[in-house]
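Below you'll find the structure, written out as structure tokens, and then a few comments.
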Amino acid sequence: MSENKFNLRSTACSMHCSASREFTDSFYLDSMLPGAYLSDNTQTEASPVLEKGVFAVFSQLHPSEKSKVSVINEYKSSIINAGNAAVNACMENLEDQLVRSKNYSFAMVKVKGDVAQIYYKGDCTVYIYRNHKVIPLTDINNKTHKQNNGKFNFTPEFKFVNNDAIILCTGGVKEKLSQNVLAHIMANTSGSKAAAQSIVLSANENHCVEDATAIVIRATEKPARAENKTPSPKSDIAETKVMNKPGNTTKEEKDDSQQQTNYNNFVVSGKNDEAKHLYNAVLNDEDDEDDAESYYLGLSKPAWVIIGILTAALGVIGGLIVLVL
């Protein structure tokens, strides 16, 4: 699956150039369809910023069947993900509905990530604007285009790069505007809306007889996102090694140091050795009972021996006195 590296900004513009013509143009702008013509016989639709989508222009449609192209909505997801088979099913469905538009033409492009593929039939075409030049679809990849049961042609998938633009247009534009003129328009317009409108108006000024419709899709690279980097095990090991270097203090050493600080503070505030003994007894809770007794009574073992001897002697003396009396 291709990563979505680009933001797509797209606009469709269509002009009804001859009121006497029976057939007209239509377009499909990733779920958006043509609205009503304005007073100057133009209509413009701009899509929101997209990461992927399906775009198409149609010509030689009967006015009553312009909205039939909305059938693409049912196949849009499949066209993006599956490709040729989905396009074939979509166009077969559409042809069944275009009863009065037997000679219609179309050009369609699907965009996903940084990959695009083009489908077309008749006099509608697609150009790529790159490095200030407009390249017709027949030059893409320099590969032979294939036919799908004679219903439409399609190109191999191709990748586009930052600041590329894709131009889909009907015969009214193709016949009146050269590649150099299209390149000039693209170079002198900053947005997709201005470019699409300029292309259609320029075709009309050149006295096009057919309707003129253009979709311009500009691709701009997404800004880089700041990544939240998680320290790797290696960095943890390195950090541990640094901490264990001479002059650095480990966590255990910090704990010991803190205990010593607490002890010193306790001695200062305790004022005497008894406090010192009491604090040590708390820290060394594994001392034996004899040692614990010596902390609390302040007597050593020899002292206890002497006391025992004296107590025994006093007992003997006491017994002799009783016997004498």
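The values are calculated or read from the model by the stated rules, or taken from the named source; none is laboratory data. Values in this document were obtained by computation on a predicted structure and should not be read as measured data. Here Cβ is always computed from backbone atoms with ideal geometry, including for glycine, and neighbour counts include all displayed protein chains. Areas reflect the complete protein model, heavy atoms only, side chains present, ligands, DNA and RNA absent. Shrake-Rupley method; radii C 1.70, N 1.55, O 1.52, S 1.80 Å.
Q179 meets each of the listed conditions (1) over 31 Å from the mean Cα position of the chain (by Cα); (2) without any contact (Cβ under 8 Å) to a residue 12 or more places away in the chain apart from (2). Between S31, S26, S67, the distinction of being within 28 Å of E157 (Cβ to Cβ), open to solvent by 50 Å² or more (accessible area, probe 1.4 Å), modelled with pLDDT of 90 or more and hydroxyl-bearing (S, T, Y) belongs to S31 only.
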